[in-house]
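One structure is given here, and the rest of the page talks about it.
The values are calculated or read from the model by the stated rules, or taken from the named source; none is laboratory data. The structure presented is a predicted model; accordingly, all values stated were derived computationally and were not measured. Every residue, glycine among them, receives a Cβ derived from its backbone with ideal geometry; neighbour counts consider all protein chains shown. When the accessible area is computed, the model is the full protein with side chains, heavy atoms only, and any ligands, DNA or RNA have been set aside. Shrake-Rupley method; radii C 1.70, N 1.55, O 1.52, S 1.80 Å.
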Amino acid sequence: MKQSITLRSAGPFLLLTFIYFIVGFLTTVNGQCQGPLKIAFLSEVTTTKNSLATLISFAFFLGYLLNSAKTGRLLNKVGYKKTLIRSMLVMVLGLAFYLASALIAEYWGGAGVHISQDFVPFGYFIFLFGSYLMGTSAAMLQVVINPYIAAYPLPGTQPVQRMNFTCAVNSFGTTIAPFFVTGVMFAGVSLDSVSADQLTIPFLVMMLIIAFTTWSTSKANLPDIEGTREETQDVESEGKTTPSDDSRNAKKRSIWSFRHLKYGVITIFFYVGTEVGIGNNMNLHAMDLMGHGYDLSPALLATLYWGGFMIGRMVSAGLKNVAPRPMLIAVTVAAIVLMAISMLTENLWLMAVVGLFHSVMWSCIFTLAVDGLKEYTSKASGVFMMGVFGGAVFPVLQGLLADYIGSWQFTWLVPLFCEFVILWYGLVGYKKQEV
């Protein structure tokens, strides 16, 4: 018998929203570790310090590129709940590697390799692999959560509203994460005195919390969503659905034949590039300016930026009559103007305000990209998440440019270009024309 979803029950919706909070929190913890680990791991690096620091984000988002499509196929095969549990187990493993990197740095800090004239300790590479596993887990979780939330039949809500609410809770995690890094992980220690051994207890505690959450989730009821997957016959008692004969016999289309999805993947590549470029590299820019006498707080800048996401998403979650396309166009134009002024004046406080306008871009792009895909939705979510790899490419490109020209100021042309691609999608790329 097919297990239906009770419309009155918000349990599954709230559970996935909580897990999305964890994804946001740990994603930002990973990014915010760039600055401290630049001191703790890369103190003896001179010529490539910015490039190696930004590789932490590169490794994280590489997990999206290599594993998102695979997770979409896994989701089609085994269903939402089993894929969710496997994703969380990968997160536990990633935190275990974070913990191992701290222990190696603490007890074998002198072990490492020489790259050119720079000495890089092994602990840095262990952390880098842990970052890849964390990115893989985040990708897998979002492949599950995004289509589930978009399709979940919560009464009185629209898909973009549900996405914005869930993303707002995610943003709460990203907002508090910078202060967790500075106030808990490196509490009471000046930036130039941080050490990797301070990571041991926080990462151990986080690993145990996520392990417990994974166990609790495995016991929870998470029914499948009918009509969002091609292959549902193998799903077990967590909630089976059976496709109609017409659906079973219909010729399968390539997921890339949907124009609006294909360009949505490209757009999210550029969106995450500018989102992460600002969220992570703004701190590195602030650290450089502090060295020249500027009074800045990297943690406060990051909190304002990610806090803008939370505020924008909470406000937009209450807007029932605003379509995703005009919302996307309006916020992108505002972000372009603000970023240009910030770059020319080198005012990072203005850059932090861009988070308010970035807040709804993800939900708007995702909603437009999967609109009307029906049984292709889960597979589309997998390929869509591949675009998140932009978060690896553009921040590293900025780091390379900063090392080359000796300043961060005009490297912000890179994320600014990304904004224009997002604007193009809202104006033209969203159209449903088969190719």
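In table form, for the structure just shown:
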quantity: Residues being open to solvent by 10 Å² or more (accessible area, probe 1.4 Å) and either over 21 Å from the mean Cα position of the chain (by Cα) or closer than 24 Å to residue 162 by Cα (or both) - total across region 277-306; calculated: 14
quantity: Evaluation of residue 122 against (1) within 27 Å of residue 65 (Cα to Cα); (2) open to solvent by 40 Å² or more (accessible area, probe 1.4 Å); (3) touching a residue at least 60 places away in the same chain (Cβ under 8 Å) (one fails), failing number; calculated: (3)
quantity: Test result for residue 383, under 25 Å from residue 330 (Cβ atoms), surrounded by 15 or more Cβ atoms within 10 Å (Cβ to Cβ), within 22 Å of the chain's Cα centre (by Cα) and touching a residue at least 24 places away in the same chain (Cβ under 8 Å); calculated: no
quantity: Matching residues, region 399-428, being open to solvent by less than 50 Å² (accessible area, probe 1.4 Å) and modelled with pLDDT under 90; calculated: 399, 402, 407
quantity: Contacts under 8 angstrom Cβ, first residue in region 291-315 being farther than 22 Å from residue 21 by Cα, partner part of a loop (DSSP other than H, G, I, E, B) and open to solvent by 10 Å² or more (accessible area, probe 1.4 Å), 6 or more apart; calculated: none
quantity: Candidates 160, 90, 184, 144, filtered to the one that is farther than 25 Å from residue 55 by Cβ, open to solvent by 10 Å² or more (accessible area, probe 1.4 Å) and part of a helix (DSSP H, G or I); calculated: 160
quantity: When residues of region 344-376 are limited to those that are of a type in the set (S, T, N, Q) and open to solvent by less than 20 Å² (accessible area, probe 1.4 Å), the one farthest from residue 310 (Cα to Cα); calculated: 363
quantity: Candidates 266, 311, 341, 329, filtered to the one that is more than 30 Å from residue 150 (Cβ to Cβ), open to solvent by 10 Å² or more (accessible area, probe 1.4 Å) and at pLDDT 90 or above; calculated: 341
quantity: In region 93-119, residue surrounded by the fewest Cβ atoms within 10 Å (Cβ to Cβ) [restricted to those that are touching a residue at least 12 places away in the same chain (Cβ under 8 Å) and of a type in the set (Phe, Trp, Tyr)]; calculated: 108
quantity: Selection count, region 187-205, where residues are under 23 Å from the mean Cα position of the chain (by Cα), open to solvent by 20 Å² or more (accessible area, probe 1.4 Å) and in contact (Cβ under 8 Å) with a residue 24 or more places away in the chain; calculated: 1
quantity: Within region 421-435, tally of residues that are in contact with a helix residue (DSSP H, G or I) (Cβ under 7 Å, 6 or more places away or on another chain) and assigned to a helix (DSSP H, G or I); calculated: 7
quantity: Residues that are touching a Gly at 6+ places or on another chain (Cβ under 7 Å) and surrounded by 24 or more Cβ atoms within 10 Å (Cβ to Cβ), drawn from region 54-74; calculated: 54, 57, 60, 61, 63, 64, 68, 71, 72
